[in-house]
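Below: the structure, in structure tokens.
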Amino acid sequence: MRRRTTLSAAILAAAVLMLGLLAPVGASASVHSRVAVRGGNTTLTTAPGLVTKLLGAKIVALVTAPGTQTLVGVPAAPRLVATYPVAGGTVTATPLRGAVGHRGGLFITNVSNGKSVAVNNFVINLNTRTLTAHIVGTTLRVPVFSLNLSHRLVTVRPRFIAVSRIGVSLLASAAGLLNGALGTTAFKGGMLFGTASSRLNR
């Protein structure tokens, strides 16, 4: 009986060892450990009706290089799709935390009075759930958007982490800055700007 018990224990130990060898190396680390971001991109698609509303207020927004833009749904329901290259950062997938920088920016002008403002070097902070931007021509970095992650979809792969369905809304402080700089009342705190998705390469 003792020999049979010892043999069963040995078989069980061998099975556990084999399962450990067959498990994907680094699978746990890829989800829970901090990952250095080495590239990728973030895309923002504006909310339905936003482009039409801003154009009605004589506000035009243009993506600046190396960001790119595409206008879809024209002429009936135009939506701006802005894509920005990821400059770097660190993230964890579970929990979703970290910060990611971007290259490129946004130039916004009020064509009725010629006033304009430009921002660039966006940083997504997943800890505070905000996006900040540098105001061109100054040393200021200000919070611009709040990020709603309640409907997020996170995909973890060996070479990248993808996060989609991020709600992007304008902060009240940023709305005040934009209205003051552009001489308009078009921007409101809590205004839904659109939905963002990021592909973060390792």
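The values are calculated or read from the model by the stated rules, or taken from the named source; none is laboratory data. If you're wondering where the values come from, they're calculated on a predicted model, not measured in any experiment. Virtual Cβ from ideal backbone geometry, glycine too; neighbours counted across all protein chains shown.
Here the condition is being within 15 Å of residue 44 (Cβ to Cβ) and of a type outside the set (Lys, Arg); of 150, 146, 173, it holds for 146 alone. Contact map, the stretch 32-52: residues that are of a type in the set (Phe, Trp, Tyr) paired with residues that are surrounded by 19 or more Cβ atoms within 10 Å (Cβ to Cβ), Cβ distance under 7 Å, separation 6+ or inter-chain. No pairs are found. Would you say residue 181 is of a type in the set (A, V, I, L, M), surrounded by fewer than 18 Cβ atoms within 10 Å (Cβ to Cβ) and not in a strand (DSSP E or B)? For residue 181, the condition - of a type in the set (A, V, I, L, M), surrounded by fewer than 18 Cβ atoms within 10 Å (Cβ to Cβ) and not in a strand (DSSP E or B) - is met. In summary, residue 138 fulfils each of the numbered conditions (1) more than 15 Å from residue 42 (Cβ to Cβ); (2) in contact with a strand residue (DSSP E or B) (Cβ under 9 Å, 6 or more places away or on another chain) with the single exception of condition (2).
Count of the stretch 31-73 residues, restricted to those that are within 15 Å of the chain's Cα centre (by Cα) and surrounded by 15 or more Cβ atoms within 10 Å (Cβ to Cβ), is 9.
When residues in the stretch 135-160 are screened for being of a type in the set (D, E, K, R) and within 15 Å of residue 173 (Cβ to Cβ), 1 of them pass. Only one of the listed residues (131, 126, 147, 153) is under 25 Å from residue 34 (Cβ atoms) and loosely packed, with under 14 Cβ neighbours inside 10 Å. That residue is 153. A Cβ distance below 7 Å, combined with a sequence gap of six or more or placement on separate chains, defines the contacts here; from the stretch 173-198, residues that are within 24 Å of residue 151 (Cα to Cα) and touching a residue at least 60 places away in the same chain (Cβ under 8 Å) reach residues that are of a type in the set (Lys, Arg) and part of a strand (DSSP E or B) in the pairs 195/165. Taken together, the criteria place residue 91 among residues that are closer than 28 Å to residue 160 by Cβ, buried (at least 18 other Cβ atoms within 10 Å of the Cβ) and either assigned by TED's automatic domain parsing to the domain that holds residue 170 or touching a strand residue (DSSP E or B) at 6+ places or on another chain (Cβ under 8 Å) (or both). When restricted to residues that are within 11 Å of residue 169 (Cα to Cα) and not β-branched (Val, Ile, Thr), the stretch 188-202 contains 8.
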